[in-house]
Amino acid sequence: MTASPASRRTGPLAGLRVFDLSRILAGPTCTQLLGDLGADVIKIERPGAGDDTRKWGPPYLKGKDGKEEKKELNICLTHHERLDGNTGMVLVSAALRQVEGQEKQHFMVMVPLGMAVHPGLRATVYTKDMWEQAQKNQKVDDSKLEAMKLSYALCHPAGCTAEVEAGKDVVGKLKTGGGLMIMAINAQGQVIAFPVPLTGFAEAFDGQPVGNAKYSEARKTLMAQIAQRQQQMMEEYRKQQATGSAGGGQQTPSAAAKGAPPAAEKKK
């Protein structure tokens, strides 16, 4: 049973304490959202065993004696993720994964929960000219481009992932392309597009990796900025509510609450 000090929490649900007795995926995902909004979440798990998801993982290699062999390997991700500027939640994530000692590389995509990943997630690399058109909301003819079909990998509280083996041709397209257009299907059967710019990908891929400590510090700073933004939005909203009550009317939240989410690029 763990809890973070309520005095350090910010956001619209700051000061609210939630006891999470759920398990596996759906319940913990909901309480994670409450935590992102500032609630003090206390998650209670089975003594000695913990949540079932703590045991989830990829198939482990087994030795000649039939026992699992566990070996530490370095994993490098040339990574881009787009965050919601109000909550800090990941809206879409794309990464090229390199595992120490393995020649094959894999391209990975993560989309929010609720997307129909199993039928297949598709990602198309746009040329720089086509990407510029898409950014201007101009019609883009991508019928001659071959989309990558990604296979479902797993789902976790942050989202669902799919991946595909990335050969030299895929890496080359990512280096020279202007952006990725990731297409998924939501629960209502609607096609949802997730744009991912490729600006700086080639430099990050060919450059030196960033260590975990530096990456964690940068992410911590980013989360602190988002938390400050949440606090400012809440204070502004409360002022508007107070003004509306005094004037006999009711104001709506500021348009700042609908600001475009920032994107973060890094390599670890």
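Whenever a residue of region 125-149 is closer than 23 Å to Gly167 by Cα, its partners that are at pLDDT 90 or above and aromatic (Phe, Trp, Tyr), lying with C-beta atoms within less than 8 angstrom and at least six residues away or across chains, give the pairs Asp142/Tyr126; Leu145/Tyr126; Met148/Phe107. Among the residues of region 178-188 satisfying the criterion of being over 18 Å from Leu145 (Cα atoms) and in contact (Cβ under 8 Å) with a residue 24 or more places away in the chain, which is surrounded by the fewest Cβ atoms within 10 Å (Cβ to Cβ)? If we take residues in region 178-188 being over 18 Å from Leu145 (Cα atoms) and in contact (Cβ under 8 Å) with a residue 24 or more places away in the chain, then Ala187 is surrounded by the fewest Cβ atoms within 10 Å (Cβ to Cβ). What number of residues in region 93-126 are open to solvent by less than 30 Å² (accessible area, probe 1.4 Å) and more than 21 Å from Asp142 (Cα to Cα)? Qualifying residue count, region 93-126: 7. Tell me, yes or no, whether region 207-225 has at least one residue that is touching a helix residue (DSSP H, G or I) at 6+ places or on another chain (Cβ under 7 Å) and within 25 Å of Gln105 (Cβ to Cβ). There is no residue in region 207-225 that is touching a helix residue (DSSP H, G or I) at 6+ places or on another chain (Cβ under 7 Å) and within 25 Å of Gln105 (Cβ to Cβ).
Entry remark, region 51-72: residues being at pLDDT below 80 and in a loop (DSSP other than H, G, I, E, B) number 15 in total. Output the number of the condition that Gly167 fails; it satisfies all remaining conditions of (1) surrounded by 13 or more Cβ atoms within 10 Å (Cβ to Cβ); (2) at pLDDT 90 or above. Exception for Gly167: condition (1). In region 199-222, the residues that are under 19 Å from Leu83 (Cα atoms) form Cβ pairs under 7 Å with partners that are open to solvent by 40 Å² or more (accessible area, probe 1.4 Å) and part of a helix (DSSP H, G or I), at six or more places apart or across chains, as follows: Phe201/Lys175.
Screening region 122-226 for helices (runs of 4 or more DSSP H) wholly inside it with 2 or more residues that are under 30 Å from Gln102 (Cβ atoms) returns the ranges 168-176, 201-206. Does region 230-237 include one or more residues that are closer than 26 Å to Leu33 by Cβ, surrounded by fewer than 18 Cβ atoms within 10 Å (Cβ to Cβ) and of a type in the set (D, E, K, R)? Checking region 230-237: at least one residue is closer than 26 Å to Leu33 by Cβ, surrounded by fewer than 18 Cβ atoms within 10 Å (Cβ to Cβ) and of a type in the set (D, E, K, R).
The values are calculated or read from the model by the stated rules, or taken from the named source; none is laboratory data. For clarity, every value in this text was computed on a predicted model and none was experimentally measured. As a convention, Cβ positions derive from the backbone with ideal geometry for all residues, glycine included, and neighbour counts pool all protein chains shown. What goes into the accessible areas is simple: the full protein's heavy atoms, side chains included, and nothing from ligands, DNA or RNA. Shrake-Rupley method; radii C 1.70, N 1.55, O 1.52, S 1.80 Å.
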